[in-house]
Amino acid sequence: MKCIRVLGVALALGVSALSTASAQTEKLGAATIYLAPKSGDKLPPTAPLRTEAMLKLAAPTNQWYSTLIFNPKPEALFAHPLTVKPTTAGLELALPVKQVVPTEFRENEIHYPHRDPLLISPMAFEPGAAKLARASDWAVDISMDRGADQMQVTAAHGSPYAHITLSRGDVRIKLPSAGERFANDADARVLAFRIGGKSYALFGPTGVRWEQVSPTEWVGHLPAGKGYLSAAALPDASLASLQLLTRHAYAFLQDTRVDWRFDPVTSKVETTFTAKTRVMEGPDNGPLLGLYPHQWFKNASVADKLGPAYDSIRGKIRLLAASQFKIERTYNGVLPHWPGIKEGPGASEINDLLKSDLRKRRTLIPAQANKDDWRVSAYWQGKGLTRATQLAAVAEQQGDLAARDQLLDLVKERIEWWFGGTGRSYFHNNKGLGTVVTYPDEFFAVEEMNDHHFHYGYWIRAAAELTLRDPAWGAKDKWGGMVDLLVADIATPQRGRSDFPFLRPFDPYSGFSMASGVGLYDFGNGQESTSEAINAWASLILWGEATGNRELRDLGIYLYTTESDAVSHYWFDIHGQVFPPEYKNVEASWVFGGRYAHKTWWTDEPRQTKGINLLPVTSFSTYLGRDPAYVKRNVDALKPETNNYNAIGKFPPNPPPKDIWQDVFAKYLALSDPAAALAQWDRFGSVEVGETRTHTLHWMLSLQEMGTPDFSVSADTTLYSVFKRPDGRKTYLAYNANNAPINVKFSDGKTLNVAPGALGRAQ
């Protein structure tokens, strides 16, 4: 997702003026990093709406709550199942409900907007400007202090509560319409009511006195020294649900943490979610956590412990009374490349295409034509780097080492030119915000901190491909230091650092990344190109293997397996737990905190709408084939969607080719039916900017020869894949990034010896 709402928000975001000072630099091995932008280039935005303690840390951009730190009038936070919104009058709290929104393209979007909220306000003082006071892995503390008067709010993903503390005075509750109180004699601390089909409850301290001022206003008279309460939405209007929420309402969240562990022997990734609480009064009943579908679906460890559920934009959020739960997933491997096609007519065609693509190699990574050329940005250059390295890998596996070396030399030349920083294109380490940005800016990656994981994933992969073949090139005292800096920008695993935030774009509880850096949208933050996010996480795996960094390898495996699983739920709904019947499309292409839609930020055209969550289709993309029937259903939907779009007749001034990204769809279909994919592909048709005809054909012929991905088999190594033909024959692949031979054991008993720096194959 690239933000498009820019004009008019620059001042609100605190975007700094153009840099006119002489840019300072520092060396990272052979690379040069700029400590200030060059003259005429803009700085990243400031993030002033943080408490003094938070200002000492790197700003947590790209998160579900990032609107807080940039916007003096922040948008609603989609915590799920609740939405909360700090305002000058107090805290708005609501339980969103589904809205089906028809579009001009005869489709429906699904919205869960922040509407008809409760307003919770201190009576003794006016709230101050909202600031981020603390952020743990899926919870935030919001300060709404004014001088010595304090109002603090804690909100969290999955929590049915907002926890509120006041330094003095009573609290006012304003309802959006007249509410009906219920169960008012069960517990004097509790104020519960129904409003328009929704149920809410306020849980005050012992001694609180609730007074109704009008049909839409209540006052909670808080005892001296007990300035706290929880506000909650209930999953239903039953007494049992109210009693459940009452038991846990006084366990205020203090910290939330996600931990991951990869077991290379079993290829299992275990993720542990832990919440710590402070009991305000009464017994310690622990927290009440709401689990998303990707957390509870087929999770035997919580199956018999789940309570009532909330309807939400993410499907059913099911309550779990526990301070900790775990998820286990299988990592099914990635590979830098696949073997060559050495026999048959396909081999000849690949070799012919390789010669043609090699002749055009200088165009694979577009040269810096002029300062206004869109191709000079880090995104398009990164796509070109991947295009060239993927072609080099095909050349290598086809036995044309001279062609491989020419292509890799081109990649080195371009990366080193950028990393050297002597031209128009360069990297800037902004230590004030805690980020690395690139110039020239595109997609507001500098001005609004968008899409860093999309962009840098391509660069990290290309650097890993070079380092696998030339370890000295990737050493820290050469070019590896700069690559490590790009890794740190998008995937720092430590919390509380001043240079980079924890896992900048990744939301550990939602299970996927977010693209907008500053949070401009009234439907919350979100993401479009999940496939480019997953490409970034696989690139971390490859860079970790290439440099021997096991911690980074394990982090990449955690991110890759987690996000690919979340995408199967929230973008593709493969498991049937998320999309309502009113949503007619096979997939969502744009997912926000409170909305999903079948469009992109730049076009409604169906081919690009569908393809943005597929590209780049590389050896990292096997996860897309986990459900072959879904692949076919998704591709089959393209024709009627295109016909419908054409019938509307609302075309852009310069429409794309009618077969745009036809190579992307052919490769995607090959994960289900390689023969049909080959029949569909037009060798002379359009080529996606990050792809070549050679690699496209090699991909499809490889799957025709080896079969489609087999996810029933795992291995005790990092870089591997298993494929299965319709007749049951399997192909086992493993790559050895080490400097000694390895013996790979597959879970079905197959073994494979792989030499150093080689791709091994067995059947």
**OP:** Would you check if there is a residue in segment 426-441 being assigned to a helix (DSSP H, G or I), in contact with a helix residue (DSSP H, G or I) (Cβ under 6 Å, 6 or more places away or on another chain) and either crowded, with 21+ Cβ neighbours inside 10 Å or among the β-branched types (Val, Ile, Thr) (or both)?
**Re:** no
Subject >> Number of the condition not met by residue 336 [criteria: (1) in a helix (DSSP H, G or I); (2) within 26 Å of residue 414 (Cβ to Cβ)] >> reply: (1)
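Restricting the search to segment 503-522, which residues are of a type in the set (D, E, K, R) and more than 8 Å from the chain's Cα centre (by Cα)?
504, 522
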Original post:
Considering segment 482-514 alone, what residues qualify as being acidic (Asp, Glu) and assigned to a loop (DSSP other than H, G, I, E, B)?
Top reply: 499
Original post:
Regarding residue 47, is this residue among the small types (Gly, Ala, Ser) and not in a loop (DSSP other than H, G, I, E, B)?
Top reply: no
Original post:
Which of (1) part of a strand (DSSP E or B); (2) in contact (Cβ under 8 Å) with a residue 12 or more places away in the chain is the odd one out, the single condition residue 743 does not satisfy?
Top reply: (2)
Original post:
Of all the residues that make up segment 140-174, how many are closer than 20 Å to residue 317 by Cβ and not in a strand (DSSP E or B)?
Top reply: 4
Original post:
Does residue 332 satisfy the condition of being of a type in the set (S, T, N, Q), within 25 Å of the chain's Cα centre (by Cα) and more than 30 Å from residue 285 (Cα to Cα)?
Top reply: yes
Subject >> Members of segment 451-481 found to be part of a loop (DSSP other than H, G, I, E, B) and closer than 13 Å to residue 552 by Cβ, listed by number >> reply: 474
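Here is a yes/no grid of residues against (1) part of a loop (DSSP other than H, G, I, E, B); (2) in contact (Cβ under 8 Å) with a residue 12 or more places away in the chain; (3) under 25 Å from residue 66 (Cβ atoms):
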site: 516; (1), (2), (3): yes, yes, yes
site: 519; (1), (2), (3): yes, yes, yes
site: 531; (1), (2), (3): no, yes, yes
site: 541; (1), (2), (3): no, yes, no
site: 544; (1), (2), (3): no, yes, no
site: 560; (1), (2), (3): no, yes, yes
site: 579; (1), (2), (3): yes, yes, no
Subject >> Criterion (closer than 27 Å to residue 408 by Cα, polar (S, T, N, Q) and modelled with pLDDT of 95 or more) met by exactly one of 564, 510, 531 >> reply: 531
Subject >> Residues being within 21 Å of residue 410 (Cα to Cα) and among the polar types (S, T, N, Q) - total across segment 424-479 >> reply: 3
Original post:
Out of 724, 730, 650, which single residue is more than 22 Å from residue 383 (Cα to Cα), modelled with pLDDT under 95 and either in contact with a Cys (Cβ under 9 Å, 6 or more places away or on another chain) or not small (Gly, Ala, Ser) (or both)?
Top reply: 650
**OP:** Pick out the one residue from 309, 303 that is under 26 Å from residue 238 (Cα atoms), modelled with pLDDT of 95 or more, part of a strand (DSSP E or B) and of a type in the set (A, V, I, L, M).
**Re:** 309
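Per-residue answers, yes or no, for (1) in a strand (DSSP E or B); (2) aliphatic (A, V, I, L, M); (3) on the phi < 0 side of the Ramachandran plot:
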position	(1), (2), (3)
100	yes, yes, yes
116	no, no, no
127	no, no, yes
133	yes, yes, yes
178	no, yes, yes
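Taking the residues in segment 289-336 that are of a type in the set (Ser, Thr, Tyr) and more than 17 Å from residue 507 (Cβ to Cβ) as candidates, determine which candidate is surrounded by the most Cβ atoms within 10 Å (Cβ to Cβ). Explain how you work it out, then say what you get.
At the first step, the residues of segment 289-336 found to be of a type in the set (Ser, Thr, Tyr) are 292, 301, 310, 312, 323, 330-331.
From what's left, more than 17 Å from residue 507 (Cβ to Cβ): 301, 310, 323, 330-331.
On the way: 301: 11, 310: 22, 323: 16, 330: 16, 331: 24.
Once the filter is applied, the top-ranked residue is 331.
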Original post:
Looking at (1) assigned to a helix (DSSP H, G or I); (2) touching a residue at least 60 places away in the same chain (Cβ under 8 Å); (3) surrounded by fewer than 17 Cβ atoms within 10 Å (Cβ to Cβ), can you tell me which one residue 584 breaks?
Top reply: (1)
Original post:
Which condition number in (1) in a loop (DSSP other than H, G, I, E, B); (2) in contact (Cβ under 8 Å) with a residue 40 or more places away in the chain; (3) not aliphatic (A, V, I, L, M) is the one that residue 39 fails?
Top reply: (2)
**OP:** For segment 657-698, name all the residues that are of a type in the set (Asp, Glu) and under 18 Å from residue 633 (Cα atoms).
**Re:** 663, 673
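The values are calculated or read from the model by the stated rules, or taken from the named source; none is laboratory data. Owing to the predicted nature of the structure, the values given are computational and were not obtained by experimental measurement. Positions of Cβ are generated from backbone atoms using ideal geometry, with glycine treated the same way; all protein chains shown enter the neighbour counts.
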